[in-house]
Amino acid sequence: MTDSERGQTMAQADAAETDQGGAGVPDTGSGTRRDGVRRATQGVRRAARLAARPGPWRRGPVIAALALLLGLVMLLHAEIPNRIGNLGSLVETILPWLGLFVPVLLALALWRRSAAATVALLVPVAVWPTLFGGLLSDKSHPGGDLTVASQNVGADNPDPAGTARDLAATGAHVLALEELTPQAKGIYEKELAKAYPYHTVQGTVGLWSRLPLSDVRPVDIETDFGPLAATKPAEVKLAYNRALRATVATDHGPLAVYVAHLGSVRVNPRAGFWTVSRDRNAQALGKAVAAEPNPRVVLLGDMNGTTDDRAFDAITSRMRSVQDVAGDGFGFSWPAEFPMVRIDQILVRGMKPQNSRVLPATGSDHRPVAAGIDW
């Protein structure tokens, strides 16, 4: 092999070695470019997702709408019509409890991080204290020249004697009982005779008093209604009479006392909040109170409704609830095991409430209520 041929052979070997070595070394520049493109693509996608996600003022529109609706329902409850299922009266019956929806909606708003819903909640948060903030303080004062008490003693009360003794122990000067049955009437008369020398029972309602009674009569609250009502004899109607009126002789002069047990209410899918008989009774009782000549009047009884309910406008426009004026809290009285609504009422006209309280449960499904009043 000549020197020329030997040189060509060595050059070819060097070139082949160079090609083989280059094939085993990674192309770091190309890989870096691919990683950069991939990271840039992911960043663009992430930015697009963030841009598409609604901001805090656009999140939770449904929660914000519910918060506004809650506030408007509480604020404008008197404008809710009763044409469909007595919806207005139903809302007014449970009105204080609507405030429980505020913390629920607040939790949802925080979970969704919705600024709009949080701000919308300021409406019900402002309205609820306006309606009920006054009931959260204790407005009661000790004393009261006259103590009155009332209880629906319950037709199914298993221990009427025990209930009578508990009520007598309250020291009330005037005691009203509702839902008296013929079987239990004698038990109450016997157990209360020592503490209350004066009493009257008119159908299913009764009044016991430490002070003399006069001008006692049943009050027609239209328990019977319709063309056949006028055909029933008075003695038949008296058996299931649900309201009375009496004059109590006090050191400050005569006091007109009314005792009433208005018709029951029902909630069912077909009729909604059914209040027909109660509303009719309330209207009739309102007329009787309006026609009462004595300027000093006390109304005691189971009204089967709260004083927020528009059905009682004929009564509440002329009388004041002792609980609203001189109570501590809401004064819930029913059901006795866990009171959630005040349907047992004491209202006055021409008298000054000093205190109002709910008494411990007896054998009835209603708790007794009592009040101290002054002239």
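Across q = 0.24 Å⁻¹, the stretch 265-323 modelled as identical point scatterers on its alpha-carbon atoms has Debye log10 I(q)/I(0) values of -1.03, in the order of the q list. Dividing the radius of gyration of the alpha carbons in the chain by their Kirkwood radius gives 1.51 for Rg/Rh.
Ordering of 155-168, 228-241, 275-288, 135-148 by packing is 275-288, 155-168, 135-148, 228-241, highest average first (other Cβ atoms within 10 Å, averaged per residue). In a simple Cβ point-charge model (Lys, Arg +1; Asp, Glu -1; nothing else charged), the stretch 249-375 has a dipole of about 320 debye relative to its Cα centre.
Working from Cα pairs under 8 Å separated by at least six residues, relative contact order for the chain is 17 percent.
Taken about its Cα centre, the chain carries a charge dipole of about 720 debye when Lys and Arg each add +1 at the Cβ and Asp and Glu each add -1 at the Cβ. Shape class for the stretch 119-276: oblate, because the ratio a/c of the largest to smallest gyration tensor axis (alpha-carbon atoms, square roots of eigenvalues) is 1.5 or more and b/c is at least a/b. A dipole drawn for the stretch 46-205 from +1 and -1 charges on Cβ atoms has a positive end, and of ALA169, MET74, ALA195 the residue lying farthest that way is MET74. Relative to the Cα centre, what is the charge dipole magnitude of the stretch 211-255, using +1 at the beta carbon of each Lys and Arg, -1 at the beta carbon of each Asp and Glu, and rounding to the nearest 20 debye? The dipole magnitude comes to about 100 debye. For VAL267, the residues whose modelled amide H falls within less than 5 Å of its own, excluding neighbours fewer than 5 places apart on the same chain, are TRP274.
In the chain, the calculated helix contribution to ellipticity at 222 nm averages -12000 deg cm²/dmol per residue, counting -39,500 (n - 2.57) for every DSSP H run with n ≥ 4. Remark: spin-label model distance LEU72-ASP251 equals 5.7 nm, labels positioned 7 Å along the Cα→Cβ axis. Think of a 1.4 Å ball rolled over the protein heavy atoms: the chain then has 53 Å² of accessible area per residue. Computed over protein heavy atoms with a 1.4 Å probe, the carbon and sulfur contribution to the accessible area of the chain reaches 60%.
The values are calculated or read from the model by the stated rules, or taken from the named source; none is laboratory data. Just so it is clear, the structure is predicted and the values come from calculations on it, not from any experiment. As a convention, Cβ positions derive from the backbone with ideal geometry for all residues, glycine included, and neighbour counts pool all protein chains shown. Remember, those area values only see protein heavy atoms, side chains included, never the ligands or the DNA or RNA. Shrake-Rupley method; radii C 1.70, N 1.55, O 1.52, S 1.80 Å.
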